[in-house]
Amino acid sequence: MKEILRINQQLKRLEVSGFEISNEIVFNYFNSTPNSEREEKFLKAIYIGVLALMEDRLSAFLSKTQNELGTELESLKMIFEMKKELFYKTTVKGILAEEDMLNS
């Protein structure tokens, strides 16, 4: 099989040699796209496709770690709420002490 995709590390780019896509959906989309917009749309399609693949990998990772993350996040939330409550109580005590001193 002929290699159509090469990665050029020095120039940080993909090099694609001549290739053909035989797909009705792709053909119909580009066939109805004005000639002057085709290259831009083609590059955009590749970019969107790569983002979709990355999103899929991220989704799979999050699905695998959801239970673990959920437990950790719940623990962090409880710690935050306790610290917030302690901060609120000490703030109220400080305000009451200041008022008490002013009234004395």
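The values are calculated or read from the model by the stated rules, or taken from the named source; none is laboratory data. This structure is a prediction, so every number in the text was calculated from the model and none was measured. Note that each Cβ is placed from the backbone with ideal geometry, even for glycine, and that neighbours are counted across all protein chains shown.
Numbers below:
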read-out: Pairs where the first residue, in region 12-24, is at pLDDT below 90 and the second is β-branched (Val, Ile, Thr), C-beta under 9 Å, 6+ apart; value: Leu14/Ile7; Leu14/Ile46; Glu15/Ile7; Val16/Ile4; Ser17/Ile4; Gly18/Ile4; Phe19/Ile4
read-out: Candidates Met78, Met101 - the one that is at pLDDT 70 or above and either aliphatic (A, V, I, L, M) or touching a Phe, Trp or Tyr at 6+ places or on another chain (Cβ under 7 Å) (or both); value: Met78
